[in-house]
Every structure is written in structure tokens, then in C-alpha cells.
Amino acid sequence: MTLRVRHLSRISLASLLLSCLSLAIIAQPKQDDRMKWFADAKLGIFIHWGIYAVNGIDESWAFYNELISYDDYMKQLEGFTASSYDPDAWVKLIKESGARYAVMTSKHHDGVALWDTRMSRLNTTDSTPAGRDLLKPFVKSLRHSGLKVGLYYSLLDWSHPDYPNLTRNIKRYTDDPERWERFMQFNLGQMTELEKRFSPDLWWFDGDWEQRAEKWRAGEIREMILDWNPSAIINSRLAGYGDYGTPEQGLPTHRPADKYWELCMTINDSWGYQGNDRNYKSPSQVIRIFAECIGMGGNLLLDIGPMADGSIPPEQAEVLKEMGRWTSKHRQAIYGTVAGLPDGHFAGPSTMSADSTMLYLFFPGDGGGELMLEGVKTSINKAFVVGNGTNLEVREYLRPYWSSHAGVYFIKVPEEVLDEKMTVIGVALDGKLATE
Ligand code: GLC
């Protein structure tokens, strides 16, 4: 039910068209420069941390969908202690996973700010036993470790007395320009605080679907952010005024139209911590999905949900550590690469070096034997196992002297060189990749 409500609001054709249009119009020459670190980064860690972790219920949606009353939802403020919060340990784990950036919820739709905003008392300093600014030490630690800083900020704020609605059924007003203006001043004030204190590299907006772009003043917000920091980047959820697409949960089956994109995905089925949700993806599954993303030229923003005391559940830490082993071993096939072969050439994900002369073919660790590569016209110089170095036997078939078509390559991969999760084969080409 919850899902249906979310999706109905998101998939409005008009807003889809609007975002495609504005993405195209806004693409300025400098965009590629601003997006460079993001395109090379491949992996980011998303963090949903908020009072919803106290009861372990849906972040903000629990009261919006009226599964719990607003007052009972807000009682969670009293249990949000952050007593075991160790931002340096979080950053260490994030870095170990191979992620190059993190995105933390500065404020979710419930309006509870994780920094000590002066715009309202609904923040962790003034209204929870945590009693302090939780963003500050995390951002400091990210910067110290050389990771890029992303801040999630919900445009809509169901708690704010001047926001038009509190839940799906409780409306405060429908049209009241004065109240809306007060709300906008509040939102703009919070964004200004976030910039002054943290100057994020990435603004990750959410909740835009409840109002139109003009109402959010999305264009103005974009200009304001780029005035503050000309190298900042913005996700697409600013009512179409962003820099890159954010498919949510659904892994695309073909390369998306957006030049830059990032799949945001939960580690189990929940964004925030929910003790009952045991549906964790295994490290192999996360790695497989990650490979699909980078093979189609995108990033993966993998979400974790810390507990109310600030500890990261061991199942989540385990996935990040396994990711780390794998991303470190296969780093040459990951960072700084571009999308690999188009559909139909290789039955699996692949990436390519930025200069197009090296292909990386990914296949699961339990499937040894031979790889088949189709439609590649450039001859293969050699094939080897990434992160291991073994040279492999390559044979070309279907390439008689009288045919101008590309042949079919078979690459033999002995079992002993397989990675237990996912193996990557490097294919060095005699020149730049040409396909049929
Ligand atoms: C959706 C949900 C929100 C979640 C976000 C993450 O927009 O509203 O709860 O934070 O997706 O991408």
C-alpha cells in the first residue's frame, strides 16, 4: 500500500516530461567538468538516519500513510540517543567499501534536522537526547578522508506548520500564498545554513513530487546553489532542475537516456533501520547489481540504515566490507571507466577504459568455463584476469578471410582464477573499440 501511494505520486507523465526537458535545457558546457568526480566515483553510500530508527518503522511515511499517529511518531524523538555514534568509524567503513562519496539525510520528510538548525527547534540538538549536531562531525570526517560530501534534503516537510499537508488525509490548507511564502523562507533558510556550515559537493533533494517546479522555485534554488559553489552537483529531484537521473530501486535493463545517473538502492527492503526487515541482499547480489550499474555508465548509491544509538547493524557492515574486498581487487575495472559494450555483445555487464582500448568483462564467480564475446571488430591483443594477472587463451571463430564481419571470441577461464563473488576479465584491444 505504502509503495502504491509513493509510486502514484512519482509517475506522473507531466513531471516525467518536465524533468527530461529541463535536464536537456539546463545541460551547460561546464556540466561535464562538474560531473567528472561523480562519473568516476561509481559507488556512493546513502545513509538514512533519523528518529524512525527508534521504533524501526517507515521513515516519515509511517505517519503520512497513517500507520501511526503523528504524535506517536514524534515520541520517537525521546529515544534518539546517538549514544554509540562514531562518525569516524562510519567513514572508515564507507571508505573501506570502495565508495568515493556518501549522502546523509540532513532532514527527511518528517522535518527532523540532524544539524542544529536555527530555523526551528525540530532538530537533534534541541529535541532529542542526542543533544548535538550529528552532521558536523560526519562531514568533517568525510572531508578528512577525501570522500565527497552529499547531503539529502527533503523539500517537503510534513511537520512544518506552514506546509500544506501533514498526512495523506490531513490538509492544513490548499491555497494560501502567505503561508507558502513563510514555508519557502524556512526551507531557503535551512538550505543556506547547510551551505554555510557544510558546503556540500552534492545536493540530494527529495520530495519534489508534491508541488510544481515554480512553487518550489526550483530554478532559483539551482542558481543559488551554483552561485554559492560553482562546482556543486544536484540530483534530479529538484523538479527537473538537476544534473543527473535517480532511478530508485528498479535496476534499469538498458542504458538510461540520462548521461549521468545513479541507482539508489536499499541494502534490505528499508531505507532506515527496521529490525524486522531481514531481507538483506547478499554481497554477491549487491556486487552483481553494482556491476550492472557501472556497465551501463551509472553509479550505485547503496543505502544503509544505522540504529537509533548510531551503531551500524552488523549485517550491513558485512556487505560494505565484502564490497570493499571486491572493489579494491578490481579497482582498475571500476573507477574512471565508462559504460562497456552495448547490448548483445557479451552476456553480462562490462566496462571500458576511458580511452576505449580496454574492455572489462564481469561474470559471477561460480560460472567458470568460457566467455563468449560477439560483434567486436577490433582485434584482441590479450586477455587477463583483473586483480590476479593470469593471461588467458583467446580463440576467434566465424572469421573466414572473405568475411568483413566481426568474429566470435571465446576466452577460456580456468576455475582456479575465479573470484568467489564476481570475476573480471580484462581484454586489451589493438586500438580503440569498434563494434558492429
Ligand atoms: C523516496 C522516499 C524516501 C526515501 C527516498 C530515497 O523518495 O520518499 O523515503 O528517502 O526515496 O531515495
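Taken along the Cα-to-beta-carbon direction at a fixed 7 Å, the label points for Arg118 and Lys259 span 4.0 nm. Ordered by the count of other Cβ atoms within 10 Å of each Cβ, fewest first, Lys196, Lys377 give Lys196, Lys377.
Using the Cβ-Cβ distance between Lys382 and Ala354 with R0 set to 22 Å, the FRET efficiency from 1/(1 + (r/R0)^6) comes to roughly 0.65.
For the stretch 254-305, the Cα gyration tensor yields ellipsoid semi-axes of 24, 12, 7 Å (square root of five times each eigenvalue, largest first, whole Å).
Set the Förster radius R0 to 22 Å, insert the Cβ-Cβ distance between Glu96 and Tyr335 as r into 1/(1 + (r/R0)^6), and round the FRET efficiency to 0.05.
Given R0 = 22 Å and the Cβ-Cβ separation, E is 0.90.
With an 8 Å Cα cut-off and a minimum separation of 6 or more residues, compute the relative contact order for the chain in percent. RCO, the chain: 16 percent.
Each of Lys382, Lys329 has some number of other Cβ atoms within 10 Å of its Cβ, and from fewest to most they run Lys382, Lys329.
Under 20 Å of direct C-alpha separation, and excluding same-chain neighbours fewer than eight residues apart, Lys412 reaches these lysines: Lys377, Lys382, Lys421. Among the listed pairs Lys36/Lys215; Lys92/Lys140; Lys107/Lys215; Lys42/Lys329, which are separated by more than 23 Å between their Cα atoms? Among Lys36/Lys215; Lys92/Lys140; Lys107/Lys215; Lys42/Lys329, the Cα-Cα distance tops 23 Å for Lys36/Lys215.
Given the chain, what percent of its DSSP beta bridges are antiparallel, to the nearest 5?
Antiparallel bridges make up about 50 percent of those DSSP assigns within the chain.
In the chain, helices alone account for a calculated mean residue ellipticity at 222 nm of -9000 deg cm²/dmol, with every DSSP H run of four or more residues adding -39,500 (n - 2.57).
Shape summary of the stretch 338-429, radius of gyration then Dmax from alpha carbon positions: 12.8, 42 Å. In plain terms, if you count all Cα to Cα distances in the stretch 30-329 and split them into 20 Å steps from zero, the share in each step is 35, 61, 5 percent.
Take the Cβ atoms of Arg182 and Thr81, set R0 to 35 Å, and the FRET efficiency comes out at 0.60. I need the Kirkwood Rh of the stretch 323-392: take the reciprocal of the average 1/r across all distinct C-alpha pairs and report it in angstrom. Taking the inverse mean of 1/r over all distinct Cα pairs, the stretch 323-392 comes out at 13.0 Å. Length available on full extension from Asp126 to Arg278: 0.36 nm per residue minus the Cα-Cα distance, which gives 51.4 nm.
With neighbour counts taken as other beta-carbon atoms within 10 Å, the residues Arg197, Arg100, Arg278 rank, fewest first, as Arg278, Arg197, Arg100.
Each value in this text was obtained by applying a stated rule to the coordinates, not by laboratory testing. For clarity, every value in this text was computed on a predicted model and none was experimentally measured. Neighbour counts run over all protein chains shown; Cβ positions are idealised from the backbone, glycine included.
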